Structure formats: structure tokens, C-alpha cells
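> Could you have a look at this structure, given as C-alpha cells, before my questions?
Throughout, read-outs are computed from the coordinates displayed, never taken from laboratory work. Just so we're clear, the structure is a prediction, and the values are computed from it rather than from any experiment.
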Amino acid sequence: MIMGGSLFVLGLVLTLAGRFPALGHLPGDITVHGENFTFYMPLATMVLVSVVLTVLLNLIARFFK
């Protein structure tokens, strides 16, 4: 049941992620345009997602402790 619930939440997050236009375009995200390539590294977005997931997982862990 935990695995099914996790997959449901992951699918919900992936479905709703496109509705947040600022996600992926935050100040601190690095974009380098060259002649034949584009390099994109969403640094600020990765930090923000990491902090949010850390807080959520800590709250869940404390609840089930």
C-alpha cells in the first residue's frame, strides 16, 4: 500500500509540475547558449525541490516513528 501510495503521489506531482511556470526558471538556474548547443542546469530548482522533499520526508518519518 505504501508503494502504491508513493506512485500515486509521484504521478500527481509530475502531472501538476507543469502548472508552476516559475519552476525551472528560477534565478540561479544556469543556461548557457552556444552556437550548436544549449546547456541548462536548474541549480536553484534542484535546491528548492531538495529542501521541500527533506522537510516533507522528515515530517512523515516523525509521524510514523
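> Whole-Hz ³J(HN,Hα) for each residue in the stretch 42-58, computed from phi via Karplus 6.51 cos²θ - 1.76 cosθ + 1.60 with θ = phi - 60°, x for glycine and proline: what do you get?
x, 4, 5, 5, 5, 5, 4, 5, 5, 5, 5, 5, 4, 5, 4, 5, 5
> Quick one: 3J(HN,Hα) in Hz for the stretch 2-12, Karplus 6.51/-1.76/1.60 with θ = phi - 60°, rounded, Gly and Pro as x.
Result, rounded to whole Hz: 5, 5, x, x, 5, 5, 4, 5, 4, x, 5.
> When the helix-only estimate is applied to the chain (DSSP H runs of n ≥ 4, each -39,500 (n - 2.57), divided by the residue count), what is the mean residue ellipticity at 222 nm, nearest 500 deg cm²/dmol?
Mean residue ellipticity, 222 nm, calculated: -19000 deg cm²/dmol.
> Would you mind giving the three semi-axes, in whole Å and largest first, of the ellipsoid equivalent to the stretch 4-65 according to its Cα gyration tensor?
Over the Cα atoms of the stretch 4-65, the ellipsoid semi-axes are 30, 15, 9 Å.
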